[in-house]
Amino acid sequence: MAPGRTVFRGRAVKVKKKADFKMKKLWIISVAAVLAVSLTGCGVDLSQPVASSGTSSQAASSAAQTSDTSVPDSLAGLQKYLEANASVTGTPETMRSDLIGAKSGVRYQYGHGGNNNVTLELYEFDTGSLNETAQKVIADVKATGKFTVIGQQVEGVLSRNGKYLMVYKNSATDDANKAYGTQVKKLVTDFKA
């Protein structure tokens with residue numbers, strides 16, 4: 001019998017060597033590493049507009065704004081709206097929305113005038129059938145701007161229609177980031193009002 005072959009149920013079968021699998025694993029890991037490095041980029045903060053002479057960055061950003069009437073009345077619509085109007089970036093991570101009685105939730109972590117300084121959580125409630133937890137969270141946010149989850153007080157912003165809740169944290173405290181926080185809160189409050 002030829003090397004690298006064995007008999008299985010009366011037939012000669014080619015047996016792959018461990019070295020073949022090790023090479024494939026090494027190749028896959030190498031490709032994954034190259035992909036990770038290429039997707040990471042050079043660490044440039046793309047959330048800040050580039051100022052050019054003779055043009056206003058404010059005029060450029062207002063031209064790219066999206067109306068809340070052009071997106072669906074859903075968590076996905078709110079996400080698209082904030083991505084277009086508040087430069088929310090990154091890949092949203094699914095959150096445990098059931099802890100606050102919401103039907104769905106996501107979290108973004110991204111940089112605005114800093115390095116990964118913004119954490120933005122968005123939740124959608126089913127206003128037609130709020131459970132007791134959801135009712136308490138919404139009532140607390142309306143009354144105090146805060147709610148309790150897992151024993152911790154958390155600041156929240158509720159949309160006027162009561163369907164969406166935002167938790168916003170920004171570790172940067174300069175005036176530009178404070179203004180950005182105010183802008184994001186207003187966008188969420190006014191969404192589908």
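The values are calculated or read from the model by the stated rules, or taken from the named source; none is laboratory data. All of these numbers come straight from a predicted model, not from anything done at the bench. When we count neighbours, we look across all protein chains shown, and the Cβ atoms used for this are built from the backbone with ideal geometry, even at glycine.
Of all residues in the range 138-152, exactly one satisfies the criterion of being assigned to a strand (DSSP E or B), in contact with an Asp or Glu (Cβ under 9 Å, 6 or more places away or on another chain) and either over 10 Å from ILE100 (Cβ atoms) or not assigned by TED's automatic domain parsing to the domain that holds GLY101 (or both), namely LYS146. Looking only at residues in the range 91-145 that are closer than 19 Å to ALA76 by Cβ and of a type in the set (Lys, Arg), the one that is surrounded by the fewest Cβ atoms within 10 Å (Cβ to Cβ) is ARG96. Being more than 20 Å from MET95 (Cβ to Cβ), loosely packed, with under 14 Cβ neighbours inside 10 Å and out of contact with any Gly (no Cβ under 6 Å at 6 or more places or on another chain) is the filter here, so list the residues in the range 146-177 that pass it. If the condition is that a residue be more than 20 Å from MET95 (Cβ to Cβ), loosely packed, with under 14 Cβ neighbours inside 10 Å and out of contact with any Gly (no Cβ under 6 Å at 6 or more places or on another chain), then ARG160, THR173, ASP174, ASP175 are the ones that fit. Yes or no: LYS80 closer than 24 Å to GLN65 by Cα and assigned by TED's automatic domain parsing to the domain that holds GLN65? Taking the combined requirement at face value, the residue satisfies it.
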